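Below is one structure, written out as structure tokens, with a few remarks after it.
The values are calculated or read from the model by the stated rules, or taken from the named source; none is laboratory data. Bear in mind that the values here come from a model prediction, so they are computed numbers and not experimental data. Here the Cβ is made from the backbone with ideal geometry for all residues, glycine too, and neighbour counts use every protein chain on show.
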């Protein structure tokens, strides 16, 4: 007996591989006023953003009362004191930590307790290789290189129901990220507007090919195959009814024109289409700030501004869907406590991440950041990893998605949750 999951893995997704049920232009004016789920029961959605290159968590969320950090970063240290210089001050969150001024878009969510920050987060594996650290974080097995699946793919398999749509796990990237490798259904779509039937130059051929595949499902002797195939075609047809290029976000929201802004805009469209998406993935690059990092302006400020304004545009666009969505960021490691000789920071260990949603235990900087004296630093140079990333990722998945099997989600991990989500 073939399972529905087995069909979607072995057959349904092949539609995308050969370009015959590709997703043409689309999305959502039709659902502007009501949450409508024509094919799929409304479910919770987790959106993960990978900040590739290793974000400097000590500059994004600065322990500004730490004199050791001030001494280690003579030209990079920022203060929360207003009027202390011509530079914009940090946004004082709690008397100890200050949010980078270019992330001002996050402040209202933090005050409203809908944004949570975890500091000192990272991998227990002390590699400072971008490739290895990203691989370990996306596989969820920081001491096993040979893991064939990613933790988000395993999460798809633990959602507690069979997929009835090819859009259950979607990555807005040019290729499937390591997080989505595995046996459960997931698809990578770089740009919804360009994800058309691949036979663009031969419209008649494309129409015939699509029709013949539908005929195959009609003629199958397996009710399961017939039913699942029809669901996939219905989802595709639903997507074809609208035009992504003319999409109008809620509340006159304007997304940044960056890669991340564009990805989150398209994820919002998929959410509003109710195509059955439950886990989404996007990327943000440019975090490897070895030189000329800048303070209130410069490359780092531009990056954190893009991250925060893109996330908040996405959040405000979701409007009545906000209760269903949680957004979580991740980065492979942090940067050195001390600045280098070129006005930047080198590969470090601990960083911080951001979790946005109505179910987060927000308005707090979770985790432990000890005084940054040399004796407290990892290898005498880095912010120590005091929170294993799996503690946070598993808690978010457990509470928001209802996943309860941490042994499958993160094998070989038995750490405690830290309270970033409301119980």
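Scanning the range 250-271 for residues that are over 26 Å from residue 164 (Cα atoms) and at pLDDT 95 or above returns 253, 254, 255, 256, 257, 258, 259, 260, 261, 262. Residues in the range 60-78 that are under 16 Å from residue 103 (Cα atoms) and either out of contact with any helix residue (DSSP H, G or I) (no Cβ under 9 Å at 6 or more places or on another chain) or touching a residue at least 40 places away in the same chain (Cβ under 8 Å) (or both): 4 in all. I need a count of the residues in the range 337-361 that are surrounded by fewer than 22 Cβ atoms within 10 Å (Cβ to Cβ) and under 19 Å from the mean Cα position of the chain (by Cα). Final tally of qualifying residues: 3. May I ask you to list the residues in the range 299-334 that are free of Cβ contacts under 8 Å to residues at least 60 places away in the same chain and surrounded by fewer than 24 Cβ atoms within 10 Å (Cβ to Cβ)? Listed by number, the residues that qualify are 299, 306, 322, 323.
State whether one or more residues within the range 234-248 are under 25 Å from residue 411 (Cβ atoms), modelled with pLDDT under 90, touching a helix residue (DSSP H, G or I) at 6+ places or on another chain (Cβ under 7 Å) and assigned to a loop (DSSP other than H, G, I, E, B). Within the range 234-248, none of the residues are under 25 Å from residue 411 (Cβ atoms), modelled with pLDDT under 90, touching a helix residue (DSSP H, G or I) at 6+ places or on another chain (Cβ under 7 Å) and assigned to a loop (DSSP other than H, G, I, E, B). With respect to being within 23 Å of the chain's Cα centre (by Cα) and crowded, with 18+ Cβ neighbours inside 10 Å, residue 388 fits the description.
The residue that is farthest from residue 351 (Cα to Cα), among those in the range 272-310 that are modelled with pLDDT under 95 and in a helix (DSSP H, G or I), is 273.
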